[in-house]
Each structure stands twice: as structure tokens, then as C-alpha cells.
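K.L.:
Attaching a single structure in C-alpha cells format; questions to follow.
The values are calculated or read from the model by the stated rules, or taken from the named source; none is laboratory data. Fair warning: this is a prediction, and the values are worked out from it, not measured in the lab. Note: ideal-geometry Cβ built from the backbone for every residue, glycine included; neighbour counts use all protein chains shown. Ligands, DNA and RNA are excluded from the accessible area calculation, which covers all protein heavy atoms including side chains. Shrake-Rupley method; radii C 1.70, N 1.55, O 1.52, S 1.80 Å.
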Amino acid sequence: MQAECVECGAVIEVPEDVMQGEILPCADCGVELEVIALEPLALDLAPLEMEDWGE
Amino acid sequence: MSADRLAVGIVGASGYAGGELLRLLLGHPGVEVTQATSERHVGRFVYQVHPHLRRQTTLRFTARETLAPVDVLFLAMPHGQAQAHIADYAALAGRIVDLSADFRLRDPAHYAAAYGSAHLAPDWLPRFVYGLPELYRAELAGASYASGVGCNATASILALWAALQGDLLDPAQPIVVDLKVGSSEAGNAPSESSHHPARSGVVRPFQLTGHRHEAEVRQALAPRGAFDVRLAVTSVEMVRGVAAAAHVTLPAGLDERDLWARYRAAWADSPFVRIVHDRNSLHRHPEPRLLAGTNYADVGWEYDPATGRAVLLAALDNLGKGAAGSAVQSMNLMCGFDETTALSFGGIYP
């Protein structure tokens, strides 16, 4: 299966046995995508613990 | 010499760019380096000047006057010397790649304005292809003569190229490219300013206006408009590397996917340009330190959709993609080798 990264539009290869809540990384932009639904398959940005880069 | 390999010579092989050329060409399966000249080091083994090449070659430096005909001749001399004798070099080799600034500009008037003197061989300027394969891949294929590239010009061009190709830049908008550069850009001739106590640890504004590579950048961008591009160069604590940050205004309201699409479209067919725009990594943007010794150029961006303000980024090794790497890549195209031959080294980390 394939899905699209919601951040950068890259194609994400999704294993056939993917489970709801599973985290999939995007190889292009590095975000972590959470599987929020299986039928139909839907991904969203996984919650991210932010680092303060401006510090 | 192996009959199925092209004979290659390097004129001016004792400099930093010459050493990088030697390192790359000694690992190239389609060529054999038969001559490496240096007037200062005649008779010395190559490794005595380039110690990382010990047991890589038994070549000794020779004098220019003893050059024999070769298939490909690289010229890696200080600016101004290649143009003075280009006809003599052309008599020795059917293909020439000149790493100096002598044949980068097509217009002799632009050369005179940038370098302060009239070009000595203006008739040769149109015979050379600008040796940046990412822009001139088709023109380089089968070409006889290629110029080198300016390292700061290359970083600036690659930083701007995807936005330019994506019709996101307005020629009426002045562009300033801030460049942080390493000490090897100054070459291997020592000077008061390169003396360790004076150079170590610096963040030294080197040339913030009027950099001569501006002419190369404007020439490369010219087919898309008369862009007013200015370079501001600062020397920093680094031996190899260029980090370019082009400050521009893009249309407001773009989103990340719009920019990803432009960058992917611009670089899909360029094996040595990588898009680095990472949300989660420690290394979120292009960084020159990761590219030392490679022919890669990393590009990326930072963009504020509310205002359209953007900083377009590129990083490279000034001796790699900014000099010898692009020269070998150009040779590969000129001679029909795979473009990536001998250039696949991916760098070291940390």
C-alpha cells in the first residue's frame, strides 16, 4: 500500500499489516506520521515533542 | 598505460584543487593520470605534497614544458594563466577542463569588469561550456572545452535554482546571498591573513560587496531574467565548505508541499543535489561539514508563509562540488562516462 506524506507530499510505503496508531517516518522530510484510520487509510502528523531550537 | 583508459594530465597539480582532482581521478576506472605538473615541485613525488595520496600513485611532478599529448587536460593554475596559453594547451589535448576563472564568463566585457583586465583570449570564451552539470548537462555531453566553476557562485546558483525554475523569484527583487566559507578557498599559498594566530577562530567579513563570482551567478540566472544578485562572503572556522543563504521574498501563502514540489521538479535528474529540509533531524538544513570530500550539494529552505520571506540554502565542499568534483563530473559527460563515475563518496560523520 502507498500513502502520501501530509507534510511534503512524498509517497510513503505502508506495510499491508499496518495497525491503527502505528508511526511511519517520511524518508524525505523526516516527519513521523501516525496511522489515524485504516479504512480508508489515513495518516496525520504524529504528536511531536518540540525542542527549543531558538534557545 | 592501459589501452582502454583515457590519458589525463593535470597542469598545476600541487594546489588544493589539483590535489582533489588527483584524488578523484586516481580512483576513476576510465582514465589514467599520466602527468601532473608543478613548477615548484618538479621531481617530487605527488604524495610529498598531497600526503593523503601516499601509495595511491607513484607519479612525480613534472614541468609544464615537458607536457606530452593526452586525451583530457585539466588546467588548475591561478587565474589568468590558462588564457595566456590556451592555444598551446589545446594543441596537446582534444578536451580541456579549466578550473580557473578564465573561461567561465561568455562576455569579455563581463570578464574585464569582474577581473579588472581585458581577457587575453576572447575568441576562446564561446568555445567553453560553463562546467556546472546541474545546469548545462546537455551542453557538456560531448563538449571539447569546459570551464571550472566558482565555489561561491556554485553554492549561490544551486541555492536559488529551484525557486527560479519554479517561477517564484521576481527579477525586480535584489537578492543577497550570505556565504560562510572555509580557509581552503584562499588556496595553499600562505599569507598574513591565513597565519594560524590570525585565522583560527575567525568570523571575518571577507568581501561583503563586489565579489567577482557575482558575474557567474548573474550569467547563470540570465535566461530567466536580469537578476541583481549580490554575494556577501564571511570567512569562518572551517577548512573545507561553503554555506549559502539567499535572502529573498517569495509569494506569500505557499505551503511546504508547494516548495517541496518545486525542489523535487528542479533536482529530480541531478544525482549530486540532495534536498535537505528535515523536520525531526538534528541536521535539518544543509551543512557543509557533512559534505567534505564529496561531490554532493545539499539544498533546502526556510519560509514564512505569512510574509513570504524565505532563506534559500545550499551547502557544498568548495574543493568538491565547488571545484574538482564538478570538473570530473563535467569530464564524465564530455567523454561519455556515467556522470557519477568516481564521485560516489558519501562523506564521513561525525
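K.L.:
Kindly work out what percent of the DSSP beta bridges joining two residues of the stretch B:117-243 are antiparallel, to the nearest 5. It would help to have the intermediate numbers written out before the result.
P.N.:
On the way: 6 of 14 bridges.
Around 45 percent antiparallel, to the nearest 5.
K.L.:
Under a 10 Å cutoff between Cα atoms, tell me which one of B:Ser270, B:Ser191, B:Ser14 has the largest fluctuation in the Gaussian network model of chain B.
P.N.:
B:Ser191
K.L.:
Gain in length, B:Ser117 to B:Ala141, computed as 0.36 nm per residue apart minus the alpha-carbon separation, to one decimal in nm? Present the calculation step by step, with values, prior to reporting the outcome.
P.N.:
On the way: separation 24, 0.36 × 24 = 8.64 nm, distance 3.14 nm.
Answer, rounded to one decimal: 5.5 nm.
K.L.:
How much of the accessible area of the stretch B:152-318, in percent, comes from carbon and sulfur atoms when a 1.4 Å probe is used?
P.N.:
Working: 3870 of 7090 Å².
Ligands and nucleic acids excluded, carbon and sulfur give 55 percent.
K.L.:
Using a probe radius of 1.4 Å on protein heavy atoms only, what is the accessible area buried between chains B and A, both sides summed, to the nearest 100 Å²? List each step's numbers first, then the result.
P.N.:
Values: alone 15250 and 4250 Å², together 18330 Å².
Chain pair B/A: roughly 1200 Å² of buried accessible area.
K.L.:
What dipole magnitude, in Debye to the nearest 20, does the stretch B:6-128 give about its Cα centre under +1 on Lys/Arg Cβ and -1 on Asp/Glu Cβ? Present the calculation step by step, with values, prior to reporting the outcome.
P.N.:
Values: 11 positive and 10 negative charges, 92 e Å.
That gives the stretch B:6-128 a dipole magnitude of about 440 debye.
K.L.:
Additional query: Return the FRET efficiency for the residue pair B:Arg54, B:Ala268: r is the Cβ-Cβ distance, R0 is 60 Å, and the value is rounded to the nearest 0.05. Walk me through the numbers before you get to the answer.
P.N.:
Details: r = 40 Å, r/R0 = 0.67.
The computed FRET efficiency comes out at 0.90.
K.L.:
Run the dipole for chain B about the Cα centre, Lys and Arg Cβ at +1, Asp and Glu Cβ at -1, nothing else charged, and hand back the magnitude in debye, nearest 20.
P.N.:
Numbers: 30 positive and 34 negative charges, 151 e Å.
So the magnitude is around 720 debye.
K.L.:
What is the calculated FRET efficiency for B:His85 to A:Glu13, with r their C-beta to C-beta distance and R₀ = 51 Å, to the nearest 0.05? Walk me through the intermediate numbers first.
P.N.:
On the way: r = 56 Å, r/R0 = 1.10.
Once rounded, the FRET efficiency stands at 0.35.
K.L.:
In addition: Which value, in debye to the nearest 20, describes the size of the charge dipole of the protein assembly as shown about its Cα centre when Lys and Arg Cβ atoms bear +1, Asp and Glu Cβ atoms bear -1, and nothing else is charged?
P.N.:
So the magnitude is around 2400 debye.
K.L.:
If I take R0 = 51 Å and measure r between the Cβ atoms of A:Ala37 and B:Asp338 in this structure, what FRET efficiency does the formula 1/(1 + (r/R0)^6) give, to the nearest 0.05? Don't jump to the answer; show the numbers that get you there.
P.N.:
Numbers: r = 45 Å, r/R0 = 0.88.
After rounding, the FRET efficiency stands at 0.70.
K.L.:
Quick one: plug the Kirkwood hydrodynamic radius of the stretch B:1-118 (C-alpha pairs) into Stokes-Einstein at 20 °C, 1.002 mPa s, and report D in µm²/s. Could you put the intermediate results ahead of the total?
P.N.:
Working: Rh = 14.8 Å.
Answer, rounded: 145 µm²/s.
K.L.:
List the residue ranges in chain B for DSSP H helices whose C-alpha atoms run 20 angstrom or more along the long axis and whose Kyte-Doolittle average is 1.0 or above.
P.N.:
Working: long enough: B:151-165 (21 Å, 1.20).
Taking the DSSP H segments of chain B (at least 20 Å long, mean hydropathy at least 1.0), we get B:151-165.
K.L.:
Can you give the helix-only mean residue ellipticity at 222 nm for chain B, where every DSSP H stretch with n ≥ 4 adds -39500 (n - 2.57) and the sum goes over all residues, rounded to the nearest 500 deg cm²/dmol? If you can, show how the numbers build up before the last one.
P.N.:
Numbers: 11 runs with 90 residues, N = 350.
Value at 222 nm, helices only: -7000 deg cm²/dmol.
K.L.:
Under a 10 Å cutoff between Cα atoms, tell me which one of B:Glu20, B:Glu65, B:Glu237 has the largest fluctuation in the Gaussian network model of chain B.
P.N.:
Of the options given, B:Glu65 has the highest mean-square fluctuation.
K.L.:
Please give the contour-minus-distance gain from B:Arg40 to B:His195: 0.36 nm per residue of separation, less the Cα-Cα distance, rounded to one decimal in nm.
P.N.:
Details: separation 155, 0.36 × 155 = 55.80 nm, distance 2.11 nm.
Roughly 53.7 nm would be gained on extension.
K.L.:
Still on this structure, I have one more. If one computes the Cα centroid of the stretch B:174-206 and of the stretch B:332-346, what distance in Å separates the two points?
P.N.:
31
K.L.:
If I take every Cα pair under 8 Å that is 6 or more residues apart in chain B, average their sequence separation and divide by the length, what percent do I get for the relative contact order?
P.N.:
Working: 772 pairs, mean separation 60.7, N = 350.
After rounding, I find 17 percent.
K.L.:
Can you work out the accessible area per residue across the protein assembly as shown, with the rest of the protein chains kept in place, probe 1.4 Å, in square angstrom? Spell out each step's value before the answer.
P.N.:
Working: 18330 Å² over 405 residues.
For the protein assembly as shown, the per-residue accessible area is 45 Å².
K.L.:
Using a probe of 1.4 angstrom, how much of the accessible area of the stretch B:6-128 is carbon and sulfur, in percent?
P.N.:
Using a 1.4 Å probe with all protein chains present, the stretch B:6-128 comes out at 51 percent carbon and sulfur.
K.L.:
Put B:Met238, A:Met1, A:Met19, B:Met334 in order of accessible area, largest first, 1.4 Å probe: what do you get?
P.N.:
Numbers: B:Met238 40, A:Met1 90, A:Met19 125, B:Met334 5 Å².
The ordering from most to least exposed comes out as A:Met19, A:Met1, B:Met238, B:Met334.
K.L.:
May I ask you to find the residues of the stretch B:238-266 that are shielded by at least 10 Å² of accessible area once the whole protein assembly is considered instead of their isolated chain (probe 1.4 Å)?
P.N.:
Residues passing the criterion (a loss of at least 10 Å², heavy atoms only) are B:Glu256, B:Arg257, B:Trp260, B:Arg264.
K.L.:
Related question: Among B:Val33, B:Thr57, B:Val149, which residue has its Cα furthest toward the positive end of the charge dipole of chain B, with +1 on Lys/Arg Cβ and -1 on Asp/Glu Cβ?
P.N.:
Towards the positive end, the residue furthest out is B:Thr57.
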